[in-house]
Amino acid sequence: MALNSSDIARIASLAKLQLNSDESERMLTQINGFFGLVERMQAVDTAGTEPLAHPVAAFQDVTLRLREDAVSEPDDRAANQRSAPAVENGLFLVPKVIE
């Protein structure tokens, strides 16, 4: 998948960014480079390879140090939402940003 300059202009518009032509060209090169890397990674045959929980697990036993799943902070929703411009039923209200 490769993007072109009109794709970059659309993405910049959606992100509310103003890019000059040099910045737009640099973004196009960087994003297409990223897509190229993803395509190379997808081309690797991983059939029969078990997923790892940690990269070191490929050559030594790793025990993950997991903390207890317990509530450690008080519920300060009202205090946290006090500075929000719009709140309803405990939820932040935000303007629609996706066209």
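For segment 83-96, 3J(HN,Hα) computed residue by residue from phi via the Karplus equation (6.51, -1.76, 1.60; θ = phi - 60°) reads 8, 6, x, 8, 9, 8, 6, x, 10, 6, 9, 10, x, 5 Hz, glycine and proline entered as x. Counting only protein heavy atoms and a 1.4 Å probe, segment 14-99 has 99 square angstrom of accessible area per residue. Taking all protein chains as shown and a probe of 1.4 angstrom, Phe92 keeps an accessible surface of around 120 Å². Residues whose amide H comes within less than 5 Å of that of Val87, counting only those at least five positions distant or on another chain, are Leu93 (H built at 1.01 Å from N in the peptide plane).
Expressed in Å, the radius of gyration and Dmax of the Cα atoms of the chain are 22.5, 53.
The values are calculated or read from the model by the stated rules, or taken from the named source; none is laboratory data. Predicted, not measured: the structure shown is a model, and the values here were computed from it. To get the accessible areas, we keep the full protein, side chains included, count just its heavy atoms, and leave off ligands, DNA and RNA. Shrake-Rupley method; radii C 1.70, N 1.55, O 1.52, S 1.80 Å.
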